[in-house]
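Please treat every number below as a calculation from the coordinates, not as lab data. Model, not experiment: these values are computed from the prediction. Glycine also receives a Cβ, built like all others from the backbone with ideal geometry; neighbour counts cover every protein chain displayed.
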2 protein chains.
Amino acid sequence: MFQEVSTFKRRQVTPNYHRTCRLSTESTNSVVHVVGTSLEANLSRCAPPRSKYFSVKCSPKVQYSISPPPQETSHLSPIPLNGKSTLHFSMSHASEHENDSKLCVWYYGKNKEELGRAIMHLTAVEISLDVDADRDGVVEENNPNKGSWEWGPQGHGAILLVNCDSERTYWKKPDSEQNFVSKVSDLKDMSMMVLRTRGPAKLPNGYKLTMHISKGDAESVRVFRSRSSEAMSNSLSKIYDYFVKDFPLVLCNEVLSQEVPYLGGKAEMTFYVEGLRFPDKDFDGLIRISLSLLEPIGEGLPETPIFTDKVVFRVAPWIMTPNTLQPLEVFVCSTDDNYQFLKGMKNFIQKSGCKLRICHEYMNRGDRWMQDELEFGYIDSPHHRFPVVLDSPRDGSLQDFPYNELLGPDFGYVTRVAKRKDVSSLDSFGNLEVSPPVTVNGKNYPLGRILIGVAFPTATKGRNMTKVVQDFLWAQAVQEPVALFSDWLYVGHIDEFMTFVPAPDKKGFRLLLASPDAAYKLFRGLQKDGYGQAKLFEGLRNEKPITVDEILNDERFKEENNYVQSCIDWNRDVLKRELGLDDDDIIDLPILFKLELEDENQYRALAYYPDMVNMIVLGKNLGVPKPFGPKVNGRCVLEAEMCSLMGALGLSCTFIDDFTTYHKLLGEVHCGSNVRRQPFGFKWWNLEK
Amino acid sequence: MFQEVSTFKRRQVTPNYHRTCRLSTESTNSVVHVVGTSLEANLSRCAPPRSKYFSVKCSPKVQYSISPPPQETSHLSPIPLNGKSTLHFSMSHASEHENDSKLCVWYYGKNKEELGRAIMHLTAVEISLDVDADRDGVVEENNPNKGSWEWGPQGHGAILLVNCDSERTYWKKPDSEQNFVSKVSDLKDMSMMVLRTRGPAKLPNGYKLTMHISKGDAESVRVFRSRSSEAMSNSLSKIYDYFVKDFPLVLCNEVLSQEVPYLGGKAEMTFYVEGLRFPDKDFDGLIRISLSLLEPIGEGLPETPIFTDKVVFRVAPWIMTPNTLQPLEVFVCSTDDNYQFLKGMKNFIQKSGCKLRICHEYMNRGDRWMQDELEFGYIDSPHHRFPVVLDSPRDGSLQDFPYNELLGPDFGYVTRVAKRKDVSSLDSFGNLEVSPPVTVNGKNYPLGRILIGVAFPTATKGRNMTKVVQDFLWAQAVQEPVALFSDWLYVGHIDEFMTFVPAPDKKGFRLLLASPDAAYKLFRGLQKDGYGQAKLFEGLRNEKPITVDEILNDERFKEENNYVQSCIDWNRDVLKRELGLDDDDIIDLPILFKLELEDENQYRALAYYPDMVNMIVLGKNLGVPKPFGPKVNGRCVLEAEMCSLMGALGLSCTFIDDFTTYHKLLGEVHCGSNVRRQPFGFKWWNLEK
């Protein structure tokens, strides 16, 4: 008798979605039924006293079953009634008119005389709130998994972007900070959600559809509706074909529940959902949106939700890009003293086929540390993707640059605000890097792992990256961070002792580490070969040259560098463990440090000559601080060593003179630049967790 | 050459725990080595220039290997050196004296002439920070899983209690609010943690042990140390054998890292760990404690952690107890008007073999709603368990009772503070119940599921349980809550329409639901049988009796009850779905409601006669509000129906007259009492997630 011909592709609502309804022998009831659910009525509850038998009849579109199942009898003869007799009924198609189906139950006494009858009129509707749960960019019909999230290529669950770009280019602010759609182009930053309905031209009197979210989720999401009543295509690309008059706000922090129109017949209504905040310590990134059909009860009584459909979104995380990804744009500051450096960088960047973007002095106000004020990343979904800059709480003179110059159409902005007293030099984003993809003890990190520098966890004092930024980074959950020890450095940034370069073999990259031991080894070899009198810092103004012999003879200096080597070795051990590297994946670069006595009676390290590891990586081209090392046959041995090590990987070094305007100010090429890169090909939602 | 004879039961530190160390041909290095880890030295890094070969020799307790493995040669003949030659070495036993082992590397030139040698002195120590990771009440040695948490009977991970009881009985406050151990009995509320060490009498100069936690975790945990240096047994029961002089505070919110003594030889040092806060929205319940060995570097330089051992605790959740658990104590208020009720309760409680605890008027100040001010629960760990009262933000005149009368030794206290304006009648804990254990679509809830009452999620206005309490309940994560709809009730508590009673068959319980339909059916049967003139409310002072006929003839009243039935049916559907119940698990009790016009022009429901479902369940004895229903042959038909329904389950009903002093004040027996019950036999950490 049951017929399973649904007009919906895969009709599968919450399992066991039964609704209890009441039969009455006193008046005819009317009920609205949602296709895919079932109705249930206890037959004895409303039976006239002394009822012993019943029989059921219904119009052709209604299916029913009785439990406990009646004994084998003719379908027309009365069935014995007991306290547990229950009628289950449903309809598999939407009604064309209100009350166009009917169900009737007759009650009989012990002699099978009729004692009464209960009549129920039925109106069936189809309702489905739909999202792109299979992540193909199309809002499919009633995906059975639309109400939950699962990671991985076999997973499911729709994706939401934080609408953190700005459609406007003047008086701009992130679109998520305004509760209206200002431009039609803003819609493509949002996720489409479609309400598909089918039924009579209008719902029976007093019934209505309501969309709702919880108070907790309302902090993180906003829903707009397309006022256009025409059926819209699923494809986001088509939204421009319509002239969009208005997109009323449906749900937000102030409105947790709102009625949405029922269009009648077979209809689709389009909603646009925007994320308002990134995952964080107190937000796991999941958002639920529900759509309920409400039944009217009476004056002064709240309507009862008789059917609820739910969809789930996960807010896309902010993702960082490692050195192995293709560079797109390089950002460098222009200051009143760095013409020479800028010229070197321009040549290098041009050679690498990248775009150079200069931040001029009116904006940088003398702050040249482009690396430190911001970190480039991106957000991604099946329907859209754009870069997002994470603004550091460092807030040097460059502080307005990310908001004023980068934020714009399809360029998002996010920051974390820390108390002034909690911000230290370790909050500069030279202290925030990301590894290339790695596999560690069988666990894949196809988006790499974030690396930050902190004080030893055992230290009773020391500088740290501020907690709000660390919490943010951890909460993104797709590039699980690793904490390194960088507080031993005067400036305190991990880019002072490490970087990654692409490699044609092995894991596809090498970790480069600064190594005083490697420098001593090189210099001792020079001495042995009779070049002990070769000089560092030759040809530099205001810099006294020093010989290899002098360096090797300085016992105190050697001790300092032993200490630096032990600090780097500590990080080397952590990096090997947490990134699954072995010694062959690591290259030691000959770099020396010196210690400076800082406040708190603490010694901290600085690069002694330009810190070659603090380089900029543009594909196979490396922009390396010119080290001004000792020369043999007119060739700097540090440059030669660097070229030899990198050349073996097919990489080409360009040495850039940053001595006076960066090195002497405690930074180098990497500190003074920033690179926006191509996003990963790998989709974050395909991560296996 | 490798020998695996460890003095530790299962020596298994973090996999790949290698430490890079530096050889030197210039001076003899001394290194402290932790048994179970390995040391690694790059042989070419410190090789004298032009070294082509090397050889290695070490004292008997040192094991080493070379990578890449040398070709098949005599062990004494020099091995060719290349840039990647690495020496791995370790010791499998603790040293008895400082520097009692030695490793030596010789370097040779191309003619195998010696160019230099690097000597390293080794001191090995065994270090293990231990907890009860296998949850048997004993702190085992170096459990390989001590650093992580896994749910389930095959899981692992140590457990921490929130130290929320008060050892003091005067001037009391929860022990977690003071940062010292006031009584030795307080130690049993804490989790033992043991630092096991073995090595020379003292660590080489400048080395030290440090215990540390992260800033985030420090909000939730405090660590004390036993100053006694004698080895202590693992068994908590033995701590009383010692005279405890002092338990210094090691770690807390203000001290994230502190040195702990190294005792020398084979030693155990005992720590006591207390939880400070329950899992909540911003706290997943996991806490990490680390112990590091620090190596001195030099004046003004931070010591380097060269080995870190980590343990994980999960804070035990607060657990509620359903009606099916054995009652221990019943709490009732004594007021100036409830002598009769109290007498009825006393008799009933005595019959059930329970302890009665009366809250007297000086404490309750006229507030009789013992159910509403608090909820009894407990916390549990392998080493200790005690009841914990959750104090409602309702804060009626009874508000001081939980803190002043219940908090005490082995009786914990927890509350959540809400803004006055956010607190409604739905925050009373008559609106907070828990189901017996259930299985839903194959998912087990062996501790049942918490039930709370709220407004419809679709409602644009309406009362709700306050967010801080809901967040707390959800965060406990072992009795996943279900939200019911209770805002349709004037008072708004789920105990007005539902309860659970034990049953000998099926799922071990029945859900009882108030049912106007069942009442109408009963009354219509009476009318049919000629008892239409039987009266309700007979013999009650100030209450006008009313006949069955009059009730059945009141159309408006019938409509109101139809509405009430639809509200209860809505909850019935949710309960069936979320608790995996079928109709046979539910019993409808004949109860009628009436609607009252409330503020905001909203009608809400009240029990018309004493609400029998609002009962107190003590094992097989039910204390039921006396309904004062119509009588047939001198017997109240409501009582008779109740006794018949409950009798079939082997339960006995005692009807308690609460009409004047509870029912007329909008509550009944359940609202006016509270029961502390035996905890579950099932251990929460055995939950499968």
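Couplings 3J(HN,Hα) for region B:542-553, derived from phi with the Karplus relation 6.51 cos²θ - 1.76 cosθ + 1.60 (θ = phi - 60°), are 6, 10, 7, x, 9, 8, 4, 4, 4, 4, 5, 7 Hz, where x marks Gly and Pro.
Calculate the dipole size of the protein assembly as shown relative to its Cα centre from +1 charges on Lys and Arg beta carbons and -1 charges on Asp and Glu beta carbons; express the result in debye to the nearest 20. Can you show the working numbers first?
Numbers: 162 positive and 182 negative charges, 401 e Å.
So the dipole magnitude of the protein assembly as shown works out to roughly 1920 debye.
Across the copies of the chain, A:ARG385 has label points (7 Å from Cα along Cα→Cβ) spaced 5.3 nm apart, shortest distance listed first. Neighbour counts of C-beta atoms inside 10 Å place B:ARG420, B:ARG463, A:ARG365 in the sequence B:ARG420, A:ARG365, B:ARG463, starting with the fewest. Amide H to amide H, with H built 1.01 Å from N, B:PHE509 comes under 5 Å of B:ALA503, counting only residues 5 or more places away or on other chains.
Restricting region A:95-138 to trypsin sites (Lys or Arg not before Pro) that sit in a DSSP loop and have at most 10 other Cβ atoms within 10 Å of their own Cβ leaves A:LYS110.
Relative to the longest principal axis of the C-alpha atoms of chain A, give the angle of the C-alpha long axis of helix A:637-647, reported between 0 and 90° and rounded to the nearest 10°. It is inclined by approximately 30 degrees.
Looking only at other chains, what is the average number of their beta-carbon atoms within 10 angstrom of each beta-carbon in B:294-306?
Numbers: counts 3, 2, 0, 7, 6, 2, 8, 10, 14, 3, 9, 6, 3.
Mean partner shielding for this stretch: 6.
Listing B:CYS104, A:CYS359 from fewest to most neighbouring C-beta atoms within 10 Å gives B:CYS104, A:CYS359. Sort the protein assembly as shown into rounded, prolate or oblate with this rule: let a ≥ b ≥ c be the square roots of the eigenvalues of the Cα gyration tensor; rounded if a/c is under 1.5, and if a/c is not under 1.5, prolate when a/b is larger than b/c, oblate otherwise. Prolate, because a/c is 1.5 or more and a/b exceeds b/c.
Straight-line cross-link reach from B:LYS528 at under 20 Å between alpha-carbon atoms covers these aspartates and glutamates, not counting any fewer than eight positions away in the same chain: A:GLU26, A:GLU113, A:GLU114, B:ASP517, B:ASP549, B:GLU550, B:ASP554, B:GLU555, B:GLU639, B:GLU641. For the residues of A:463-475, the average number of beta carbons from a partner chain within 10 Å of their own beta carbon is 1. Specify the inter-centroid distance of region B:39-97 and region A:343-380, based on alpha-carbon positions, in whole Å. Here the answer is 47 Å between Cα centres. Within straight-line reach of B:LYS507, meaning a Cα separation under 21 Å, sit the following lysines at least 8 residues removed in sequence or on another chain: A:LYS84, B:LYS443, B:LYS576, B:LYS620, B:LYS683.
When DSSP beta bridges are restricted to pairs lying wholly in region B:5-125, around 70% turn out antiparallel.
Taking trypsin sites (Lys or Arg not before Pro) across region A:521-599, the ones in a DSSP loop with at most 14 further Cβ atoms lying within 10 angstrom of their Cβ are A:ARG541. Each Lys and Arg Cβ is given +1 and each Asp and Glu Cβ -1; about its Cα centre, region B:131-315 then shows a dipole of about 300 debye.
The label-point distance for A:SER30 and A:GLN154, in a model that sets each label 7 Å from Cα toward Cβ, rounds to 4.9 nm.
Sorted from shortest to longest, the distances between the A:GLY366 label points of this copy and the other copies are 7.2 nm, with each point 7 Å from Cα along the line through the beta carbon.
Estimate the FRET efficiency between B:ARG277 and B:ASP337 by the formula 1/(1 + (r/R0)^6), using the beta-carbon distance for r and 41 Å for R0, to the nearest 0.05.
On the way: r = 41 Å, r/R0 = 1.00.
Efficiency, from the Cβ-Cβ distance: 0.50.
Averaging the sequence gap over all C-alpha pairs within less than 8 Å and six or more residues apart, then dividing by the number of residues, gives chain A a relative contact order of 11 percent. Using R0 = 51 Å, the C-beta based FRET efficiency linking B:GLU299 and A:SER182 works out to 0.25.
Candidates A:CYS333, A:ASN562, A:PRO409 compared by Cα position along the dipole of region A:319-686: farthest toward the positive end lies A:PRO409, with charges placed on Cβ. By definition, a body whose alpha carbon gyration tensor gives a ≥ b ≥ c is prolate when a/c is 1.5 or more and a/b is larger than b/c, and chain B fits this prolate description. If you take the Cα centroid of region B:111-185 and the Cα centroid of region A:119-154, the two points sit 48 Å apart. Here's the picture: charge each Lys and Arg Cβ at +1 and each Asp and Glu Cβ at -1 in region A:131-315, and of A:LEU294, A:THR169, A:MET193 the one pushed furthest to the positive end of that dipole is A:THR169. Under the combined filter of DSSP loop state and at most 15 neighbouring Cβ atoms within 10 Å, region B:297-383 retains these GluC sites (Glu not before Pro): B:GLU299.
When both bridge partners sit in chain A, DSSP labels roughly 75% of those beta bridges antiparallel.
Only Lys, Arg, Asp and Glu count, each charged at its Cβ (+1, +1, -1, -1), so figure out the dipole size of region B:319-686 about its Cα centre, rounded to 20 debye. Mind dumping the intermediate values first?
On the way: 42 positive and 51 negative charges, 152 e Å.
Value, rounded to 20: 720 debye.
What does the charge count around B:ASP505 come to, taking other residues whose C-beta lies under 13 Å from its C-beta (Lys +1, Arg +1, Asp -1, Glu -1)? Within the 13 Å Cβ shell, the charges total +1.
Can you give the calculated 222 nm mean residue ellipticity of the protein assembly as shown, where each DSSP H run of n ≥ 4 adds -39,500 (n - 2.57) and the sum is split over every residue, rounded to the nearest 500 deg cm²/dmol? Kindly include the intermediate steps, with their values, before the conclusion.
Values: 18 runs with 180 residues, N = 1378.
It comes out at -4000 deg cm²/dmol, rounded to the nearest 500.
Backbone amide hydrogens, once placed in the peptide plane, bring B:GLY265 within less than 5 Å of B:GLY199, B:ALA201, excluding anything fewer than 5 places away on its chain. Mean partner shielding of peptide A:568-577, defined as the number of other chain Cβ atoms within 10 Å of each residue Cβ, is 4. The rotation axis bringing chain A onto chain B passes closest to the chain A residue reported with its distance as A:ASP282, 2, by C-beta distance in whole Å. Quick one: B:TYR339, A:TYR413, B:TYR107, fewest Cβ neighbours within 10 Å first, how do they rank? Result, fewest neighbours first: B:TYR339, A:TYR413, B:TYR107.
Amide H contacts of B:PHE655 (H built 1.01 Å from N, in plane; Pro and chain starts excluded): B:VAL624 sit under 5 Å, all sequence-distant by 5 or more or on other chains.
Taking only Cα atoms, what is the 0 to 90° angle, nearest 10, from helix B:555-579's long axis to the longest principal axis of chain B? Helix B:555-579 sits at roughly 20 degrees to that axis.
Rounded to the nearest 5, the antiparallel percentage of DSSP beta bridges internal to region A:319-686 is 60%.
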